[in-house]
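Reviewing the structure listed below.
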Amino acid sequence: MSADSLMIIGGQWGDEGKGKVVDLLSSGFAAVVRYNGGNNAGHTVRYAERKFALHLVPSGIIHDRVICYLASGMVVEPTGLVEEMDTLINEGVDVDGRIVLSPRATLILPTHRALDGAREGTLGAGKIGTTGRGIGPAYQDRAQRRGLRAHVLAEPQQLRERALELMTAHNRELEILFNAEPVDLDTAMAELETAAERLAPLIGEVGPALRSHRTAREAVLFEGAQGVMLDLAWGTYPFVTSSSCLPGFAAASCGIGPKLLGPVIGVMKAYATRVGSGPFPSELDDATGERMRARGVEFGTTTGRPRRCGWFDAVAARYAVELAGIDAVAVTKLDILDGFESVKVVTSYRLPDGSTLDTFPADSETALALEPVLEELPGWSSPVEGVIREENLPAEAEAYIRFLEDKIGAPAVIVSTGPRREETLIRGNSELSEQLRSIISG
């Protein structure tokens, strides 16, 4: 990798529009790497009148000749990956020889999905809000050192023996702990073995491949899933995902040194959304929140669930910038705020005792009790939808972006003004801004 490598992460609670940003920039890179999560992610890519919903395959797959890597820190559902590949093929995307699956990635089995649903069903009002895709149980097996890694997909006998052993143990948990129906193991094995035939040729070490790109001075784009506020250690625990969403995890997942990752761009919506349970201080449970949801089509790419909506939370965003070392920000969905008479930003929190807090607390109970302190700014009467030049932004929209930059401590170098790839502008004259302009212009 050269010094021009780059990392894209989510700076909020996921669903920030990372898929669009990665797709926009992928043509300037030899490879794109997914390094965390599984098919609980939903990265949507739109250009012209075409739309792709990706869950496991990196968003760079839409660009010819870009190699896409699924690194060891991921959990991969074999049948889901095959289905996604087939969908891409049917859409005319050539995936042959362009997807590499780390042999060290952990496999999600059918029984993981069953366990996920059974566990979530016992939590009542305390539900985490998982996608039900088996992500948590698969990461749990990984931590307990009993998970299956992807290399077994190329070893039929070992796949059968080890998968049956682990799924049998899972079935005992389903029956004894949750009083749930066991998974039919014959059907589950047939599903796995069919997928293994397709995926075995994809197995390849990611770290050595990325170092080869570096030797050839080819830049690599690293694509994170979910967002900083869903990080297992630093998010709104326990209402978080089961992997790390931070840039440092990419190095561990890919088997490379952190110096090779490049600058970090944090993707953040011009407002805020969250799917599932957990603290969300800026939430608007009113007509304004519903207006955001309707205009922004805020329904999960993976689950279809309606997203909770609220004003931009600059406290949480600054926390993410500082925690993840975000160098610059991509502001997405600015156009959704078109027509609002005024827009608001959370600039601090008020605790029940009346004191204020200017960072995000570790305790989720404290976070649930936070009252947002808001600053109000003028809205813009001229629409930003479709604007692709910085100088054509309404003055009030530009002032809003500058206000966000000041509050979070990072420059906004990308602004998305619509869902399609081409509805994007690059801001500023920094070295990073010029690099981004060079990519999207050529």
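The number of residues in the range 145-174 that are in contact with a helix residue (DSSP H, G or I) (Cβ under 7 Å, 6 or more places away or on another chain) and free of Cβ contacts under 8 Å to residues at least 12 places away in the same chain comes to 1. Of the residues making up the range 396-438, those that are open to solvent by 20 Å² or more (accessible area, probe 1.4 Å), assigned to a helix (DSSP H, G or I) and not acidic (Asp, Glu) are Ala399, Arg402, Phe403, Lys407, Leu432, Gln435, Arg437, Ser438. Of all positions in the range 349-359, at least one carries a residue that is touching a residue at least 60 places away in the same chain (Cβ under 8 Å) and farther than 22 Å from Ser59 by Cα. Please specify each residue of the range 53-72 satisfying the condition of being open to solvent by 10 Å² or more (accessible area, probe 1.4 Å) and closer than 20 Å to Phe299 by Cα. Listed by number, the residues that qualify are Ala53, His55. Got a sec? Which of Gly121, Gly129, Gly147, Gly38 is modelled with pLDDT of 95 or more and touching a Phe, Trp or Tyr at 6+ places or on another chain (Cβ under 9 Å)? Within the list Gly121, Gly129, Gly147, Gly38, the selection yields Gly147.
Within the range 206-236, the residues that satisfy the criterion of being open to solvent by 20 Å² or more (accessible area, probe 1.4 Å) and either of a type in the set (Val, Ile, Thr) or touching a helix residue (DSSP H, G or I) at 6+ places or on another chain (Cβ under 6 Å) (or both) are Thr215, Trp234.
The values are calculated or read from the model by the stated rules, or taken from the named source; none is laboratory data. Everything quoted here is computed from the prediction, not taken from an experiment. Neighbour counts run over all protein chains shown; Cβ positions are idealised from the backbone, glycine included. Each accessible area value is taken on the protein alone, full model and side chains, heavy atoms only, with ligands, DNA and RNA left out. Shrake-Rupley method; radii C 1.70, N 1.55, O 1.52, S 1.80 Å.
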